[in-house]
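Comments concern the structure below.
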Amino acid sequence: MRFKRSLVWFRRDLRHVDHAALHEALTSSRQVYCAFIFDKDILERLPAEDRRVEFIHGCVTELDAALRAAGGALIVRHARGPDAIAQLARELQVDAVFAGRDYEPAACRRDLEAERALRADGRQLRLVKDQVLFEIDEVLSQAGKPFSVFTPYKNAWMKQLELAGHAAHAAPYDTVSHFRKLAPPPAGEGIPSLAALGFRPTNLASLQLKPGMSGADALVDDFLPRIGRYDVARDFPAVKGPSYLSTHLRFGTVSVRRLAGLALEAMRTPGNAKGAATWLSELIWREFYFMILHHSPHVAERAFKPEYDGIRWESGDVAEELFQAWCNGRTGYPLVDAAMLQLNQTGYMHNRLRMVTASFLTKDLGIDWRWGERYFAEKLNDFDLAANNGGWQWASSSGCDAQPYFRIFNPVTQSEKFDAEGKFIRRYLPMLGKLPVKKVHAPWLASGAELEAAGVSLGVDYPRPVVAHDEARERTLKRYAVVKKVREE
């Protein structure tokens, strides 16, 4: 054995099976401790009611129980991550700390600080690939450079997978057969309560978003019989089309290897191939955005394409009012408003609606995409910097492989196409429930008699549109003209 004692630092990998860092520690050490840090650097920026913290707390509680059943346990601290890990490594006299590699700029800075503190004590920080199948420089162009367009990246990703063999990258890491090396925690260790962390319960339980590995397993079992219809069903917010696994994937209660393996297996099953291939593409998009964030960390603050930083977005009181109307689901466009209310009430938003609402904010209201990105970061249960940033830059046309700037979603057309019967709209905007189907997508086009019969008074029960889409579209084309000008120069 290379190490006498090691410590596994759990972060966004809250499971004890198919766990790369735990596997590496168990196979190279005589004894392995496990720890999770409720990092004050992260928690102190969050409101007292945050579904993600409650979700993580539930995941940590389940993980601790699973480790105890296997002969170990989870040491849980509430402190700054680097400080707590360095202190814990000294207390336990470990030789090395193992963790899954993270790609976000703040996480990279955290890990660098932890590495320096551990090295000062003569200890190692060993980071391993876990949250992706291919990372950093593993999928490059023939010229050895990072891709900036998705389809060539996807093709290279799939070719790499086929050349190495699916099992080489999608096979699970064996931890179970090494559990005998798990070490129990020091006496008196326990998990601090949600209140002790400074947080209050949310509506998480009523949302049926079950934390932990058991929650992920239940969703996998529910999704697999539907995977063959994913390519069609995923676009309709009133239909049970998505896997709903994004929050679990974000916090690692299920491994990406397992999900990719299930997709690959389903692709070989008659009737499931197209849906499974589409779902696998979504997993590849996730890795594409991780790669972009690593090679172009400036995207966390600026546009991937520099010429888009020259756009003059709306500002001042009017912009603030429009932004608040968007945040509160009061734009007067039912599909946009229903989507924002879904986000505010549940922490979830359907992927099609993420595109619609982002396009509306940037191209109908003319508001900087970074405003929307920050709002989603505050609200989304599955918030992931790389994917959130990539999605917003895609919608605003400022990112890699983004939609053309002149492609502007019409919120009414999107509503009629993807929520034709208005079921999703009526779920979140019950005041529009009695409007005729054809008018629920654009209440301002309903006649006075139709509004009266439905009990709707525009401007009272439901707002009038804050902008006219056709006029906003013209303003957007002029706004984005600076991009065309820079390119021509």
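The values are calculated or read from the model by the stated rules, or taken from the named source; none is laboratory data. Note that this is a predicted model, so its numbers are computed, not measured. Here the Cβ is made from the backbone with ideal geometry for all residues, glycine too, and neighbour counts use every protein chain on show. Ligands, DNA and RNA are stripped out before the accessible areas are found, and what is left, the full protein with its side chains, is counted by its heavy atoms. Shrake-Rupley method; radii C 1.70, N 1.55, O 1.52, S 1.80 Å.
Here are the numbers for this structure:
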quantity: Selected from F134, Y230, N381, residue furthest toward positive end of dipole (the chain; charges at beta carbon); calculated: F134
quantity: Highest to lowest packing among 444-454, 299-309, scored as the average C-beta count within 10 Å; calculated: 299-309, 444-454
quantity: Residue-level accessible surface for M291, protein heavy atoms, 1.4 Å, Å²; calculated: 10
quantity: Qualifying lysines (Cα of each under 26 Å from Cα of K434; at least 8 residues distant if same chain); calculated: K240, K417, K423
quantity: Dipole moment magnitude, nearest 20 debye, segment 3-130 about Cα centre, only Lys, Arg, Asp, Glu C-beta charged; calculated: 380
quantity: Which listed pairs, of K40/K210; K40/K145; K210/K439, have C-alpha distances above 26 Å, in listed order; calculated: K40/K145; K210/K439
quantity: Farthest positive-ward along the chain dipole, Cα basis, beta-carbon charges - from Q160, A86, V299; calculated: Q160
quantity: Descending semi-axes in whole angstrom, ellipsoid equivalent of segment 306-484, from the Cα gyration tensor; calculated: 28, 18, 14
quantity: Average Cα contact separation per residue, segment 306-484, under 8 Å, 6 or more apart, as relative contact order %; calculated: 27
quantity: K210 accessible area, assembled protein chains, probe 1.4 Å, Å²; calculated: 110
quantity: Coarse-grained scattering of segment 189-257 at q = 0.17, 0.25, 0.26 Å⁻¹, given as base-10 log I(q)/I(0) from a Debye sum over alpha-carbon atoms; calculated: -0.76, -1.20, -1.23
quantity: Candidate lysines - alpha carbon under 27 Å from K181, same-chain residues fewer than 8 apart omitted; calculated: K4, K129
quantity: Gyration tensor verdict on segment 3-130 (Cα atoms; rounded if a/c is under 1.5, prolate if a/b is larger than b/c, oblate otherwise); calculated: oblate
quantity: Packing-based order for 131-142, 87-98, 194-205, using average beta carbon neighbours within 10 Å, highest first; calculated: 87-98, 131-142, 194-205
quantity: For the chain: accessible area per residue (Å², 1.4 Å); calculated: 43
quantity: With DNA, RNA and ligands ignored, accessible area of S415 (1.4 Å probe; Å², nearest 10); calculated: 0
quantity: Cβ-placed point charges (K, R +1; D, E -1), dipole of the chain about Cα centre in debye, nearest 20; calculated: 680
quantity: Separation of alpha-carbon centers, segment 419-475 and segment 126-143, rounded to whole Å; calculated: 47
quantity: Prolate/oblate/rounded call for segment 358-427, Cα gyration tensor, a/c under 1.5 rounded; calculated: oblate
quantity: Net charge contributed by nearby residues that have their C-beta within less than 11 Å of R77 (K/R +1, D/E -1); calculated: -2
quantity: Of all accessible heavy-atom area on the chain, the percent that carbon and sulfur account for (1.4 Å); calculated: 52
quantity: Length gained when the stretch K417-I42 is fully extended (0.36 nm per residue, less Cα-Cα span); calculated: 131.0 nm
quantity: Estimated FRET transfer efficiency when R0 is 30 angstrom, pair K4-L264 (beta carbons, to 0.05); calculated: 0.15
quantity: Part-to-part distance (alpha-carbon centres) for segment 162-228 and segment 259-322, which is given in Å; calculated: 24
quantity: For the chain, calculated [θ]222 nm from helices alone, where every DSSP H run of n ≥ 4 adds -39500 (n - 2.57); calculated: -14500 deg cm²/dmol
